[in-house]
Amino acid sequence: MNSPETKNNILVGINWLGLKTLYLREVQRFLKIIGQTILAPVITVLLFLAVFGIVFGSERNVAGLEYQFFLVPGLIMMATLQSAFANTSTSLIQQKIHDSILDLLVTPLNSIEIATSLILGGVTRGVLVALSTTISLSLFVSIEVYNLWFIFIHLFASTILMSSIGMVTGIWAEKFDHVSTISNFVILPLSFLSGTFFPIERFPVIIEKLSYFNPFFYILDGFRYGFTGVSQGSLSIGITVVLITNIFVISYGIFLIHMGYKLRA
């Protein structure tokens with residue numbers, strides 16, 4: 001039984017125990033199927049490297065870089081974004097389908113604590129995928145680091161953003177098809193059109209101009225800069241765009257949880 005002091009802490013402070021418990025549940029959930037959640041993205045990234053490496057070889061230069069050096073940060077970030085999004089979105093839709101979402105809402109956690117736990121779970125999976133893909137790619141391509149801080153900043157900013165988008169998607173979705181729709185028709189195109197495989201200057205003019213309104217472009221651009229020292233856009237504008245986008249999506253997700261949108265029967 002909780003003591004009066006513990007109950008008071010939950011009411012006036014942060015419920016650290018509840019937050020930690022929900023976070024660990026999210027982590028344990030994806031670690032149980034590590035082959036699907038961690039190993040699969042690694043294999044996908046290696047296949048992309050093999051295909052594009054064979055097609056373009058190692059002699060082609062892109063944006064002043066050997067193509068493989070340009071490609072590797074994009075592959076790492078692409079896998080990271082998709083993994084962070086999938087973690088929170090599938091977690092929530094599974095709870096909806098299994099009619100266990102109310103168990104989450106009746107816990108002694110407020111909307112901010114619930115959102116934080118879910119987002120941190122997605123961040124953890126995204127970071128693990130980033131580390132796994134980086135180690136795997138380093139076996140085939142020499143990976144150098146130009147600015148470690150830019151790598152860390154954009155890695156955590158991207159996983160927080162995608163976990164938050166996944167959370168909003170999971171709240172809105174009513175079945176897995178809805179999640180797949182957002183993943184296939186929003187997340188994937190935005191990832192591919194952010195300069196993952198080629199500089200955005202190679203795109204038609206209209207797509208190139210639109211890319212500057214794509215937060216994924218700034219995430220990838222800053223992340224690639226951390227490895228190569230080369231960027232296609234303004235790094236300061238990029239950090240600002242990513243920060244503002246994060247604040248907006250996180251706040252919106254917390255609001256939806258607080259209102260119980262599509263969560264309460």
Checklist entry - How large is the dipole of the chain about the Cα centre if only Lys and Arg carry +1 and Asp and Glu carry -1, each at its Cβ, rounded to the nearest 20 debye? => result 420
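By how many nm would the segment from residue 192 to residue 178 grow when fully extended, if each residue of separation counts as 0.36 nm and the alpha-carbon distance is taken off?
Between residue 192 and residue 178, full extension yields an extra 3.0 nm.
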Item to check | Those lysines that a straight Cα-Cα span of less than 19 Å connects to residue 262, excepting residues fewer than 8 apart in one chain | outcome: 96, 175
Next on the checklist: Taking all protein chains in place and a 1.4 Å probe, what share, in percent, of the accessible surface of segment 177-237 do carbon and sulfur account for?
Outcome noted: 69
Checklist outcome for this item: For 42-49, 89-96, 69-76, ranked highest to lowest by mean beta-carbon neighbours within 10 Å, the order is 69-76, 89-96, 42-49
Checklist entry - Any idea what the dipole of segment 40-170 comes to, in debye rounded to 20, about its Cα centre with Lys/Arg Cβ at +1 and Asp/Glu Cβ at -1? => result 100
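If we count every other residue with Cβ under 12 angstrom of residue 91's Cβ, Lys/Arg +1 and Asp/Glu -1, where does the sum land?
On the way: positive: 25, 29, 96, 125; negative: 26.
Taking every Cβ under 12 Å from that of residue 91, the sum is +3.
Would you work out what percent of the accessible area of segment 63-130, with all protein chains in place, is carbon or sulfur (probe 1.4 Å)? All intermediate terms of the calculation are to be shown ahead of the outcome.
On the way: 1270 of 2030 Å².
C and S atoms contribute 62 percent here.
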Checklist outcome for this item: Relative to the chain, whose Cα atoms define the longest principal axis, helix 215-228 and its Cα axis are tilted in degrees, nearest 10, by 60
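Can you tell me the order of 132-140, 163-171 when each peptide is scored by its average per-residue count of other Cβ atoms within 10 angstrom, highest first?
Ranking the peptides 132-140, 163-171 by packing returns 163-171, 132-140.
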Item to check | Helix 16-31 vs. the chain, principal-axis angle (Cα, 0 to 90°, nearest 10) | outcome: 50
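Taking the Cα centre of segment 102-204 as origin, work out the dipole magnitude from +1 charges on Lys and Arg Cβ and -1 charges on Asp and Glu Cβ, in debye rounded to 20. Spell out each step's value before the answer.
Values: 3 positive and 6 negative charges, 31 e Å.
Taking the Cα centre of segment 102-204 as origin, the dipole is about 140 debye.
For the chain, with every protein chain kept in place, what is the accessible area per residue (1.4 Å probe, Å²)? Spell out each step's value before the answer.
Numbers: 13370 Å² over 265 residues.
Ligands and nucleic acids excluded, the figure is 50 Å² per residue.
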Next on the checklist: Defining a contact as two alpha carbons under 8 Å apart and six or more residues distant in sequence, what relative contact order in percent does segment 108-213 show?
Outcome noted: 26
Next on the checklist: Which of rounded, prolate or oblate describes segment 85-133 when judged by the alpha-carbon gyration tensor and an a/c cut-off of 1.5?
Outcome noted: oblate
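The values are calculated or read from the model by the stated rules, or taken from the named source; none is laboratory data. Only a predicted model underlies this, so the values are computations on that prediction, with no experimental measurement involved. Because the Cβ atoms are built from the backbone with ideal geometry, glycine has one as well, and the counts that use them run over all protein chains shown. Side chains included, ligands, DNA and RNA excluded: accessible areas come from the protein's heavy atoms. Shrake-Rupley method; radii C 1.70, N 1.55, O 1.52, S 1.80 Å.
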